[in-house]
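What follows draws every value from the coordinates through simple rules; no lab data is involved. None of these values were measured; they are calculated from a predicted model. Using ideal geometry, Cβ is built from the backbone for each residue, glycine included, and neighbour counts are taken over all protein chains shown.
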Amino acid sequence: MKKDLKIFTGSSNPELAKKICAHAGIKLGKCETVKFSNENLKVRILESVRGKDVYVVQSSCPPVNENIMELLIMIDAIKHAKADSITAVLPYYPYARSDKKDEPRISITARLVADLLETSGADRVMTMNLHSPQIAGFFRIPVDHLLAGKLICKYYKEKAGIENCVVVAPDAGSAKRAGIYAISLGLPLAILDKRRNDDSENAKVHHVIGDVKGKRALIFDDEIATGGSILEVVKALESLGVKEIEACCVHAVLSGKAVERLGNSSLSRLVVTDTVTIPPEKRIRKMVVLSVAPLFAKAIAFSNRGSSISGLFGKI
Ligand code: R5P
């Protein structure tokens, strides 16, 4: 049964939240965040949420840690204002790459974020293209894991074209998902053996499996942060004689020197989505931004009326 629905946003990506509301045909809920001189935050929900099905949109954008805290405070405030149910909508999940204990005495911080969300009072989580799908298992509450693959494939089939293309998986970890892109686009697949030996953000490509010579390479990755991984792949592909190189990354984190490095690279197109806020100074000419707002609006509407949302997405 359809319940009364409200959508609120934190400070991280209000543009996306507004677009989601426009697609869902509802007004964005009113709230305010005050930051005190001691850096403490106060969130005030400015309309009643009693008995409502509430969705709070907050992505992992800078300042990441402050935005996590703001989200937790918002959920707590909404819980104590007697909402019926609260869904934390995290288009880009915070600390997604801290998903394993691959060194002694470190935190699996993606799991810690899950614990914090549950403790704050979230009843459900909605997120997109998790770095590893297993993160959903860190929660004891339901997680709707949305995927942007269909949207990206639609863009390639209908707008950018796929003639003479090969799908490139930048590392072994992304080979399975890239393989599904390849099947969905009806294209061959090449896999790079990329290894990262430390936290220095420098990855190295050692081998390439598949035929890329003379082709237009489409690299698929879940996120682009410093751009180091993509540029290493670009370098390896160039040395193998590809004709043109494009990259598709769902989350445009674009940290450090990414914008400058990508702008100066031979990459001809970078397809990203708006899960993360992209300020004007980061919008380089070769960038195409696809909006995930219609997808989130549909998923929220389906979840609100208790319909299955799995049919909305493919496997990528
Ligand atoms: C790594 O496993 C991820 O899928 C991305 O390749 C990585 O997060 C990109 O980071 P950067 O752009 O800093 O190389």
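3J(HN,Hα) along the stretch 119-130, derived from phi through the Karplus expression 6.51 cos²θ - 1.76 cosθ + 1.60 where θ = phi - 60°, amounts to 4, 5, x, 5, 9, 8, 10, 10, 8, 9, 5, 4 Hz, with x in place of Gly and Pro.
Residue by residue, the stretch 69-75 carries 3J(HN,Hα) couplings of 4, 4, 4, 4, 5, 4, 4 Hz when phi is fed to the Karplus relation 6.51 cos²θ - 1.76 cosθ + 1.60 (θ = phi - 60°); x denotes Gly or Pro.
Exposure proxy ranking for THR119, THR87, based on other Cβ atoms within 10 angstrom of each Cβ and starting from the fewest, stands as THR119, THR87. Net charge dipole, the stretch 149-290: roughly 380 debye, given to the nearest 20, about the Cα centre with Cβ charges of +1 for Lys and Arg and -1 for Asp and Glu.
How large is Rg over Rh for the chain, taking Rg from the Cα atoms and Rh as the Kirkwood inverse mean of 1/r across Cα pairs?
Using Cα coordinates only, the ratio equals 0.98.
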